[in-house]
Amino acid sequence: MKNKKGLIIAICAVIAACAVLAVVYQLAGPKVQSGTKAYTLEVVDDKENVKTYTGKTDAEFLSELMDELTRQGEFTYAGTQGPYGLYIEGVNGLIADYDADGAYWSIYVNGEYGMYGADIQPVTDGDSFALKYEGSNGN
């Protein structure tokens, strides 16, 4: 009887902790903006060549914006879902292989290193994004 009581208390504590974390995420997590938004997306390859995309989008998240650009035929990307969201493996045909040479694609938002993966990075009006190939060439 004593063990069951302890187990019930532990389960209640875990449920309460999950509820608190959910509330904190809702308050402090990324905020989504609906409607049409202006954006700039720069792709910086392994030789530091820059390709810039600008326009307006209704996308709520960066991955949706990337999907729009792909459908327009101007842009391609490859990625896999991982424990932290969408892991970008390639952009415009250039694959970054971290296991082979330490290279990876990073996300910058308004000049700052991104805090979220592409599938949860919100797009807000006027945002400037950069996808940068980093790692193996000393970047």
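The values are calculated or read from the model by the stated rules, or taken from the named source; none is laboratory data. Remember, it's a predicted structure, so these values are computed and weren't measured experimentally. Please note: Cβ atoms are built from the backbone with ideal geometry, for glycine as well, and neighbour counts cover all protein chains shown. Keep in mind that these areas ignore ligands, DNA and RNA; they rest on the heavy atoms of the full protein, side chains included. Shrake-Rupley method; radii C 1.70, N 1.55, O 1.52, S 1.80 Å.
Among the residues of segment 80-117, which ones are part of a loop (DSSP other than H, G, I, E, B), under 13 Å from residue 43 (Cβ atoms) and either open to solvent by less than 60 Å² (accessible area, probe 1.4 Å) or in contact with a strand residue (DSSP E or B) (Cβ under 7 Å, 6 or more places away or on another chain) (or both)?
First pass over segment 80-117, keeping only residues part of a loop (DSSP other than H, G, I, E, B): 83-84, 92-93, 96-97, 102-103, 110-111, 114-117.
From what's left, under 13 Å from residue 43 (Cβ atoms): 92-93, 96.
Listed by number, the residues that qualify are 92, 96.
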Would you confirm, using the coordinates I've provided, whether residue 45 is free of Cβ contacts under 8 Å to residues at least 24 places away in the same chain and either touching a Ser or Thr at 6+ places or on another chain (Cβ under 7 Å) or surrounded by 11 or more Cβ atoms within 10 Å (Cβ to Cβ) (or both)? no
Being of a type outside the set (S, T, N, Q) and either surrounded by 13 or more Cβ atoms within 10 Å (Cβ to Cβ) or not assigned by TED's automatic domain parsing to the domain that holds residue 50 (or both): is that true of residue 125 here? no
Residues of segment 61-79 being outside any helix (DSSP H, G or I) and either under 11 Å from residue 118 (Cα atoms) or not assigned by TED's automatic domain parsing to the domain that holds residue 118 (or both), which ones? 61, 79
Selection from segment 98-135 of residues that are in contact with a Lys or Arg (Cβ under 7 Å, 6 or more places away or on another chain), free of Cβ contacts under 8 Å to residues at least 60 places away in the same chain and among the polar types (S, T, N, Q): 106
